[in-house]
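First up is the structure itself, then whatever we jot down about it.
The values are calculated or read from the model by the stated rules, or taken from the named source; none is laboratory data. Here the structure is a predicted model, which means the values were calculated and not measured. Here the Cβ positions follow ideal geometry from the backbone for every residue, glycine too, while neighbour counts run over all protein chains shown.
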Amino acid sequence: MNPADYDAWYDTPRGRWIGEAEYALAARQLDAQPGDSLLDVGCGTGWFSRRAAADGLVVTGLDPNVAWLDFARLHSSPALNWVEGDARALPFADGSFEHVLSIAALCFIDDERQAVAECVRVARRHFAIGWLNRASLLYWQKGRKGGSGAYRGARWHGPREVLALFSGLPVQNLKLRSTVFLPAGGCCAAWVEPGIPKVLPWGSLLLVSGEKT
C-alpha cells in the first residue's frame, strides 16, 4: 500500500471514526497539555502526529520508511518534526519527550520488547502504546491467515502478552484499555461504542498506558 492511499483511508467515514476513537483513548491516558512534547513512534504517514499537533502538542514523528515520512512532511505543518529511525534503537537521549505514543506500529517489527523498552526510555512522564487485539472482531475480519490489506504481516496479541512486554521496566500505574469494538463502523457503531466500557479487553486496539518511574 502506498502512503497516499493509506492516509486517504483516514478521510473515509470509517477511517476517520476509527482514528478518532483510537486517538481519543490514547489522549485520555496520556493527559498531555498544550505545549507538551510528544514522540509518535511508527508514525507512518503522520495521521496521529498531526492529530496530536492539532491539540497543541509539540510533536516529533519517527518511522523507518523514508517515503512515508516524505508524505508526512509534505502534508503537515512545518512545526512538526519528522525523523527516520528504528523503534528498537530510538535516536534520542533518555527522557527526551514528556509523552510517547505508538498506535498499532510495534506489532509490525521484530523484537517488540526492545521497542517497548526504548519507548519507555525516551519518555519523561507518560506513554501510551497500542497493539492489534487477537480477541477482537477485527482479528476475525482482517487478521487471520497472515492478515489482509494494511494488516498483512502484523502480530496480534492478547492482554497478558502486551502487559508482559513491560515486565521489569521502570514503569508504574500500568493500565490496559481497548477501543473500536465494532470495527465495521457505521451508525450502529457510533451509537453503541461510547457506551462500551474501555476496560473490556475486546476492542480492536489494546492500549497500554502508564508512567515512567
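Looking at this structure, is ALA117 modelled with pLDDT of 95 or more, of a type outside the set (Val, Ile, Thr) and either within 12 Å of the chain's Cα centre (by Cα) or assigned to a loop (DSSP other than H, G, I, E, B) (or both)? The answer is no for ALA117.
Looking only at residues of the range 125-168 that are polar (S, T, N, Q) and in a loop (DSSP other than H, G, I, E, B), we find that the one that is nearest to the chain's Cα centre (by Cα) is SER136. Among the residues making up the range 88-104, those that are in contact with a strand residue (DSSP E or B) (Cβ under 6 Å, 6 or more places away or on another chain) and either over 25 Å from PRO170 (Cα atoms) or in a loop (DSSP other than H, G, I, E, B) (or both) are GLY95, ALA104.
Scanning the range 88-106 for residues that are of a type in the set (S, T, N, Q) and surrounded by fewer than 21 Cβ atoms within 10 Å (Cβ to Cβ) yields one hit, SER96. Among the residues making up the range 3-39, a single one is surrounded by fewer than 19 Cβ atoms within 10 Å (Cβ to Cβ), touching a residue at least 24 places away in the same chain (Cβ under 8 Å) and polar (S, T, N, Q): SER37. One residue stands out among those in the range 52-83 that are under 19 Å from ALA4 (Cβ atoms) and acidic (Asp, Glu): the one that is nearest to the chain's Cα centre (by Cα), which is ASP63.
Restricting to the range 93-142, name every residue that is β-branched (Val, Ile, Thr) and within 14 Å of ASP63 (Cα to Cα).
Let us first name the residues in the range 93-142 that are β-branched (Val, Ile, Thr), namely 100, 103, 109, 116, 120, 122, 129.
Of everything in the range 93-142, those that are β-branched (Val, Ile, Thr) and within 14 Å of ASP63 (Cα to Cα) turn out to be VAL100, ILE103, ILE109.
Residues in the range 43-87 that are of a type in the set (Gly, Ala, Ser), in contact (Cβ under 8 Å) with a residue 24 or more places away in the chain, buried (at least 24 other Cβ atoms within 10 Å of the Cβ) and not in a helix (DSSP H, G or I): GLY46 alone.
Look through the range 150-164, keep the residues that are crowded, with 17+ Cβ neighbours inside 10 Å and not hydrophobic (A, V, I, L, M, F, W, C), and return whichever of them is modelled with the lowest pLDDT. Applying the filter and picking the extreme gives TYR151.
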